[in-house]
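Comments concern the structure below.
The values are calculated or read from the model by the stated rules, or taken from the named source; none is laboratory data. In this text, all values refer to a predicted model and were calculated from it rather than measured experimentally. So basically every Cβ, Gly included, is an ideal-geometry build from the backbone, and we count neighbours across all protein chains shown. What goes into the accessible areas is simple: the full protein's heavy atoms, side chains included, and nothing from ligands, DNA or RNA. Shrake-Rupley method; radii C 1.70, N 1.55, O 1.52, S 1.80 Å.
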Amino acid sequence: MSSLITKTNIVVFGKSELTAVLQTERLLEEWSEKIVKSFYNAFETEHKLIRSLKFSPDQRVIRYHEVYVDQHIDEKYVEDIIIPRIIPKREQIENLSSWDWKSYIHYY
């Protein structure tokens, strides 16, 4: 079984790729977690997999446990595309009645 299953899958959507990458760098600094692997637009820490993406309404479907959204992205896209892709972590599925997706979307 992959170790990624237990990690929190986080996506940082930016109006531009640069905006997303800069926000990801701020988050990594704030969290003070050691980067285990680094990819083109993604970072893996011991507990998280973070991807930085320029938002596009035509983007392929990806799911995530937590999302950071550039405040300049149209609210209609946030409501129609970004919010429906937030999913609970495996541990949270057992107690879905107390899971609130609003706690897992953050604006910057």
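Listed values, structure above:
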read-out	value
Percent antiparallel among DSSP beta bridges (both partners in the chain, rounded to 5)	30 percent
Proximal charge balance of TYR107 [Cβ under 14 Å; K/R count +1, D/E count -1]	-2
Average accessible area per residue (Å²) across the chain - probe 1.4 Å, nucleic acids and ligands excluded	63 Å²
Phi to ³J(HN,Hα) by Karplus 6.51 cos²θ - 1.76 cosθ + 1.60 over the stretch 99-108, Hz, x for Gly, Pro	7, 10, 4, 4, 6, 10, 10, 10, 9, 9
Hydrodynamic radius (Kirkwood) for the chain, which is based on Cα pairs only, to one decimal in Å	14.3 Å
Solvent-accessible area, 1.4 Å probe, carbon plus sulfur percent, for the stretch 30-108	50 percent
Peptides ranked, highest mean first, by Cβ atoms within 10 Å: ranges 93-99, 54-60	54-60, 93-99
Amide H partners (placed H, <5 Å) of HIS106, local residues excluded	VAL67, TYR68, VAL69
